[in-house]
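A.B. asks: Submitted below is the structure of interest, expressed as structure tokens.
Each value in this text was obtained by applying a stated rule to the coordinates, not by laboratory testing. Because the structure is predicted, anything quoted here is derived from the model rather than measured. Cβ atoms come from the backbone with ideal geometry, glycine included; neighbour counts cover every protein chain shown.
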């Protein structure tokens, strides 16, 4: 009887069956969290660079438009939001939840009738996560962070109503 107890005890201690499942149960959540974090980080930078390119396109558009003529501000906002000067109702924004109200256009005064510089900025836009990793902290860390790129360009035209070309 004593030998049998010792044999069972020794077999239990030396037996490695099932240890890989235990290791997997410990490591898998950490690996999934790490992969989700990497995906969110990459998606955040994709969103930021897309918005930065959109502000650059808007600033370039305004810098080459006649300042005193037309509706260039609305067209530039549309260009930033949906990628073209005229947005139809079905046109998707370049990034999710971006609206015309998120686009700010300011000019730095130059000469009497012309601006010196034009700035197009994104304001009030918050990055939306897809995995909700911030919820794992019990709401302590909010990953819906503001994204606010801006671009400033020199105004190119010298006549307030001249067409580019």
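A.B. asks: Compute the distance in nm between two label points, each set 7 Å from the Cα along the Cα-to-Cβ direction, one at residue 144 and one at residue 117.
C.D. replies: Label at residue 144, label at residue 117, 3.3 nm between them.
A.B. asks: Could you tell me how many degrees, from 0 to 90 and to the nearest 10, lie between the Cα long axis of helix 72-82 and the main elongation axis, the longest principal axis, of the Cα atoms of the chain?
C.D. replies: Tilt relative to the chain: about 20 degrees.
A.B. asks: Could you work out how far helix 19-63 tilts from the main Cα principal axis of the chain, as a 0 to 90 degree angle to the nearest 10?
C.D. replies: 0 degrees
A.B. asks: Could you tell me what % of all Cα pairs in the chain have separations over 19 Å? Kindly include the intermediate steps, with their values, before the conclusion.
C.D. replies: Numbers: 9110 of 13530 pairs.
Cα-Cα pairs in the chain separated by more than 19 Å: 67 percent.
A.B. asks: Report, please, the projected area of region 94-143 averaged over directions, based on the convex hull of its C-alpha atoms, in nm². Write down the numbers at each step before the final one.
C.D. replies: On the way: hull surface 21.0 nm².
Projected area, direction-averaged: 5.3 nm².
A.B. asks: Note down the nm distance, to one decimal, between modelled labels 7 Å out along Cα→Cβ at residue 31 and at residue 99.
C.D. replies: 4.3 nm
A.B. asks: Using 0.36 nm times the number of residues separating residue 73 and residue 108, minus their current alpha carbon distance, what extension gain do you get?
C.D. replies: Numbers: separation 35, 0.36 × 35 = 12.60 nm, distance 1.47 nm.
Stretched fully, the residue 73-residue 108 segment lengthens by 11.1 nm.
A.B. asks: So, one more: What length, rounded to one decimal in nm, is gained on full extension from residue 133 through to residue 23, with 0.36 nm per residue of separation minus their alpha-carbon distance? Walk me through the numbers on the way to the answer.
C.D. replies: Numbers: separation 110, 0.36 × 110 = 39.60 nm, distance 2.31 nm.
Difference between extended and current length: 37.3 nm.
A.B. asks: Hey, how many Å between the Cα centroid of region 104-138 and the Cα centroid of region 43-73?
C.D. replies: Taking the Cα centre of each part, region 104-138 and region 43-73 sit 11 Å apart.
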